[in-house]
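The values are calculated or read from the model by the stated rules, or taken from the named source; none is laboratory data. In this text, all values refer to a predicted model and were calculated from it rather than measured experimentally. No Cβ is skipped: glycine too gets one built from the backbone with ideal geometry, and neighbour counts run over all protein chains shown.
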Amino acid sequence: MSIARFWRETPRRYNLGGSKCGTCGTVYFPPRPVCPTCTRHRQSIATMAPFQLSGSGEVLSYTVVHEAAEGFEMQVPYVVALVKTDEGPVLTGQVVDLDPGRIRIGLRVHATFRKLREEGAAGVIHYGYKFAPEDDGERRPPPGRPADQVPSSATGDRARA
């Protein structure tokens, strides 16, 4: 994705800005100018309004990636999930701060904004949303820090076991 396109999409990437149909109430992410749910699409043209998603939702499906795409080699294994937000739209994103063995369907997560990647020699950093568990009981230690040095509030009972 070009840098210019990425910057144009910044509001929805950083704020989870979608749209909501004023006719039927359906919420979309990314935003849409017309509601495909309404039987007469043209009715929704003037009724589509900006809508802020909360970022909270639950895991519908997931996969654990062991063979990473270029640029993600240092993160394996990592989890990519389909998350159904509380408002309805389903988003795809990486699940972070969770041991891949602890991921499960129905896990409550919330959006968190993190570094996605760096582009080229200029080092342009792209940020966007990922998902983290809503409860802190399943967090894994930060990279480079042994589990026994992570405060027990960050790892739950696993730090004491």
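Remarks
- Once region 106-115 is narrowed to residues that are part of a strand (DSSP E or B) and not aromatic (Phe, Trp, Tyr), the residue that is surrounded by the fewest Cβ atoms within 10 Å (Cβ to Cβ) is Lys115.
- Region 1-26: number of residues that are in a strand (DSSP E or B) and modelled with pLDDT under 90: 1
- Restricting attention to region 57-80, the residues being touching a residue at least 24 places away in the same chain (Cβ under 8 Å) and in contact with a Ser or Thr (Cβ under 7 Å, 6 or more places away or on another chain) number 1.
- Selection within region 81-97: residues that are touching a residue at least 40 places away in the same chain (Cβ under 8 Å) and touching a Phe, Trp or Tyr at 6+ places or on another chain (Cβ under 7 Å). The member of this set that is nearest to Ser19 (Cα to Cα) is Pro89.
- Which numbered condition Glu118 misses (of (1) outside any strand (DSSP E or B); (2) surrounded by 12 or more Cβ atoms within 10 Å (Cβ to Cβ); (3) at pLDDT below 95): (1)
- Annotation note: of Ile125, Ile103, the sole residue that is surrounded by fewer than 15 Cβ atoms within 10 Å (Cβ to Cβ) and of a type in the set (A, V, I, L, M, F, W, C) is Ile125.
- Looking only at region 27-82, residues that are surrounded by 16 or more Cβ atoms within 10 Å (Cβ to Cβ), at positive phi and modelled with pLDDT under 90 come to 0 in all.
- Close Cβ contacts (under 6 Å, 6 or more residues apart or on different chains) running from residues in region 122-136 that are under 13 Å from Asp99 (Cα atoms) to residues that are in a strand (DSSP E or B) and of a type in the set (S, T, N, Q) comprise Ala132/Thr112.
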